[in-house]
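Student: Here it is, the structure in full.
The values are calculated or read from the model by the stated rules, or taken from the named source; none is laboratory data. Keep in mind the model is a prediction, meaning the values are calculated, not measured. Because the Cβ atoms are built from the backbone with ideal geometry, glycine has one as well, and the counts that use them run over all protein chains shown.
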Amino acid sequence: MQHLIEEIETEWIPLRDGRRLAVRLFLPRSAHRQPAPVVLEYIPYRRRDGTRIGDEAMHRWFAAAGYACARVDIAGMGDSDGLIEDEYVRREQDDGLEVIEWLARQPWSSGSVGMIGISWGGFNGLQIAARRPPALKAVISLCSTVDRYHGDVHYTGGCLNEENLEWGGYFFTMNGFPPDPDIVGNDRWRAMWRHRIDHARLAPADWLEHQRRDTFWQHGSVIEDWSAIQVPVLAVSGWADGYTAAVFELVEHLHVPCKGIVGPWGHKYPQDGVPGPAIGFLQEATRWWDKWLRDIDSGVDTDPAMRLWLQASHEPRGHIPERAGSWVHFDQWSPARELTLRLAHGSLVSDDPGSDAKAPTMPASHSSICSPQTVGLGAGQWCAYGLGKIAPELPLDQRADDAGSLTYDGEMLAAPLHLAGGPVVRLRVSSDQPQALVAVRLNAVHADGTSERLSYGVLNLCHRDSHEHPSALTPGVEYDVTVEMKAIAQTVPAGQRLRVAISTSYWPMIWPSPHPATITVHEQASRIELPAHATVHHSPADIFQPPEDAVHGPITALRNGHETRHIVRSGCPPNRVHRRPRRRALRHRRHRYRAVVHTCAHVVDRRR
């Protein structure tokens, strides 16, 4: 049933301390005689301009389906009073509780509220659910995390993620955006703007003051207490997104109904998903709201626990409009890892008696590596946004990165291998420095030698036992460490082979260690555990409807934005001894810095 809708450009939500938050409302006209459930999106990205087009496309659609929608700017953003203090602060959550209470008692509201959001809105949907406001009945969380330290842009595996600075710089800029004088009034807008500028905080500086997983990060990390969330959660992400892990963790650990969907997309709503195929996500979300906000039997409670886009092998490229594959489902989800391959003498070998790659009887071995700092240039972005050809974001052919890494190759596959879940690598390592990192990639090597990255993981070796209480390495001492890799769902076809690549750098995604470190991998105690599945359950072709959304308002483009990325290389300087293979070097473009980053490995040494 399609409802006629009305829109209220700005309504004010009064808070107990006297501040007001600005909200844009999308209401079915029928709600004035038959109150409707409410869908809340609560984010900082300026409803008047920053997200206006997407707001109209999504919330008009929900309103036409009979839901009242509220798009609220958090305090200090858009036209809302107050200041933005940092990400996900307690005050933001407290305000959110008051917003939900206000929405529930409006005459056009049935009293049932659901929260939806991608990224920031996905975060605070989970965080506010953990505060248990009575009117909140369900959450749809997209591209979010359950662990603000390791699962966000800050400290991946205990290593500083470059997006900590990139995103942090943009966030600082947002602190100084002005309100709209047409909304707050000419008498107030200048004072509000000046107040924001005068009190703007450089959040990345605060984040760098907390390099351990202390109470700063534990706040807002729902992993601290899974039982705090007592409403159903639909968790959604994409393989190209940086926040894929949260879907698997939520489905595995929540004690309430929770379903997961992971498609091929980047950091986008799935009805606009890139790489495609996009899906009819708004229809899927409406099924979720119908069940938990209206008590209509929409069938979502019997949906599979996990619906995943099983990707097909492809030629690595920085941008892929459509990713080949098919939907598969798992009625129950557990992180089973059914195939273990050991590292030995540059090979991946199996202990399975029936395997052709059974480990030969050979003496224990170890291999050492000090990677060039340029290993990682083929990694793509930690979080892809589907920007297209102008700014390629996806992983490239990994052969250049493999050349600066220890590599272990498996036998050519005689049959397709279906992987679904998160691989885990267990290594025994030693280092010649007290601080070092290890980056591990799982690649598929094509018949022509192309190396396609399937998954990766990084670990600050000082965080081998704990992100809360790291400890320096003792040079020469052997440590057993676990590297958790990003979840995947992909079929590796017959004729390809698996490769594990280990490096001591992953730049520019991961900030380097203070000093170049040589790590030694003790292979007899090192292995990779793969989420291999003998069979997968393919879903019907029509498991999701085609994408739909509403028509947004008119747009006047003043100028076109653009984004480009490029790498400049120059020849190696003289008087440098290079071990093979000799490669070109990357020189800093700003000539006052004379640092040269070499692309040749410092040490690659295998001993039996």
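Student: If you go through the range 170-179 one residue at a time, do you hit one that is closer than 17 Å to Gln381 by Cα and free of Cβ contacts under 8 Å to residues at least 40 places away in the same chain? It would help to see each step written out before you state the result.
Tutor: Of the range 170-179, the ones closer than 17 Å to Gln381 by Cα are 170.
With free of Cβ contacts under 8 Å to residues at least 40 places away in the same chain added as a condition, the list becomes 170.
Within the range 170-179, one or more residues are closer than 17 Å to Gln381 by Cα and free of Cβ contacts under 8 Å to residues at least 40 places away in the same chain.
Student: Got a sec? Which of Ile5, Ile13 is β-branched (Val, Ile, Thr), over 30 Å from the mean Cα position of the chain (by Cα) and over 30 Å from His199 (Cα atoms)?
Tutor: Result of the check over Ile5, Ile13: Ile5.
Student: Please find, among Val247, Val256, the residue that is in a helix (DSSP H, G or I), in contact with a strand residue (DSSP E or B) (Cβ under 9 Å, 6 or more places away or on another chain) and closer than 24 Å to Thr286 by Cβ. Steps first, please.
Tutor: Details: Val256 fails: in a helix (DSSP H, G or I).
Exactly one residue qualifies, and that residue is Val247.
Student: Of everything in the range 123-159, what is surrounded by fewer than 24 Cβ atoms within 10 Å (Cβ to Cβ) and hydroxyl-bearing (Ser, Thr, Tyr)? Give them in sequence order.
Tutor: Answer for the range 123-159, where residues must be surrounded by fewer than 24 Cβ atoms within 10 Å (Cβ to Cβ) and hydroxyl-bearing (Ser, Thr, Tyr): just Tyr149.
Student: Which members of the range 234-265 meet the condition of being buried (at least 24 other Cβ atoms within 10 Å of the Cβ), under 23 Å from Ser326 (Cβ atoms) and small (Gly, Ala, Ser)?
Tutor: Ala235, Ser237, Gly238, Ala240, Gly260, Gly263, listed by residue number.
Student: Report, by residue number, each residue of the range 101-128 that is assigned to a strand (DSSP E or B) and either of a type in the set (S, T, N, Q) or over 29 Å from the mean Cα position of the chain (by Cα) (or both).
Tutor: Within the range 101-128, Ser109, Ser110, Gly111, Ser112 qualify.
Student: Consider the range 90-100. How many of its residues are touching a residue at least 12 places away in the same chain (Cβ under 8 Å) and over 11 Å from Leu21 (Cβ atoms)?
Tutor: 5
Student: Now a separate question. What's the total number of residues in the range 70-88 that are farther than 14 Å from Leu136 by Cα and free of Cβ contacts under 8 Å to residues at least 60 places away in the same chain?
Tutor: Total meeting the criteria: 5.
Yes/no per residue for (1) among the β-branched types (Val, Ile, Thr); (2) assigned to a helix (DSSP H, G or I):
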residue: His3; (1), (2): no, no
residue: Asp17; (1), (2): no, no
residue: Val23; (1), (2): yes, no
residue: Trp61; (1), (2): no, yes
residue: Ala70; (1), (2): no, no
residue: Leu83; (1), (2): no, no
residue: Asp95; (1), (2): no, yes
residue: Val99; (1), (2): yes, yes
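Student: Could you say which residue among Asp86, Asp95 is at pLDDT 95 or above and either in contact with an Asp or Glu (Cβ under 8 Å, 6 or more places away or on another chain) or small (Gly, Ala, Ser) (or both)?
Tutor: Answer to the check: Asp86.
Student: Does the range 1-15 include one or more residues that are under 20 Å from Gln106 (Cα atoms), without any contact (Cβ under 8 Å) to a residue 12 or more places away in the chain and surrounded by fewer than 24 Cβ atoms within 10 Å (Cβ to Cβ)?
Tutor: yes
Student: While we're looking at this one, here's another question. Of Val231, Val222, which residue is touching a strand residue (DSSP E or B) at 6+ places or on another chain (Cβ under 6 Å), among the hydrophobic types (A, V, I, L, M, F, W, C) and crowded, with 19+ Cβ neighbours inside 10 Å? I'd like the intermediate steps shown before the answer.
Tutor: Values: Val222 fails: touching a strand residue (DSSP E or B) at 6+ places or on another chain (Cβ under 6 Å).
After applying the criteria, what remains is Val231.
Student: Every residue in the range 311-327 that is closer than 27 Å to Ile390 by Cα and not in a loop (DSSP other than H, G, I, E, B), please.
Tutor: Gln311, Glu322, Gly325 - these are the residues of the range 311-327 that are closer than 27 Å to Ile390 by Cα and not in a loop (DSSP other than H, G, I, E, B).
Student: Would you mind stating whether Arg48 is within 23 Å of Asp206 (Cβ to Cβ) and either within 24 Å of the chain's Cα centre (by Cα) or not in a strand (DSSP E or B) (or both)?
Tutor: In short, no.
Student: Only one of these is under 24 Å from Arg196 (Cβ atoms), within 30 Å of the chain's Cα centre (by Cα) and assigned by TED's automatic domain parsing to the domain that holds Arg131: Gly18, Gly96. Name it.
Tutor: Working: Gly18 fails: within 30 Å of the chain's Cα centre (by Cα).
That would be Gly96, the only listed residue that is under 24 Å from Arg196 (Cβ atoms), within 30 Å of the chain's Cα centre (by Cα) and assigned by TED's automatic domain parsing to the domain that holds Arg131.
Student: Related question: Would you mind telling me which numbered condition in (1) farther than 16 Å from Cys159 by Cβ; (2) part of a loop (DSSP other than H, G, I, E, B); (3) of a type in the set (D, E, K, R) Asp480 fails?
Tutor: All conditions are met except number (2).
Student: What strands (runs of 3 or more DSSP E) completely inside the range 344-448 contain at least 3 residues that are at pLDDT 95 or above and among the β-branched types (Val, Ile, Thr)?
Tutor: Strands (runs of 3 or more DSSP E) meeting the threshold: 424-431, 437-445.
Student: While we're here: Can you name every residue in the range 272-281 that is assigned to a helix (DSSP H, G or I) and either without any contact (Cβ under 8 Å) to a residue 60 or more places away in the chain or surrounded by fewer than 21 Cβ atoms within 10 Å (Cβ to Cβ) (or both)?
Tutor: Asp272
Student: May I pose another question? May I ask you to verify whether Ile296 is outside the structural domain of Asp225 (by TED's automatic domain parsing) and under 26 Å from Ala444 (Cβ atoms)?
Tutor: In short, no.
Student: Could you identify the single residue in Asp187, Asp206, Asp152 that is out of contact with any strand residue (DSSP E or B) (no Cβ under 6 Å at 6 or more places or on another chain), in the same structural domain as Gly242 (by TED's automatic domain parsing), in a loop (DSSP other than H, G, I, E, B) and not aliphatic (A, V, I, L, M)?
Tutor: Exactly one residue qualifies, and that residue is Asp152.
Student: So, one more: Scan the range 510-522 and give yes if some residue there is of a type in the set (Ser, Thr, Tyr) and either exposed (fewer than 11 other Cβ atoms within 10 Å of the Cβ) or not assigned by TED's automatic domain parsing to the domain that holds Pro475 (or both), otherwise no.
Tutor: no
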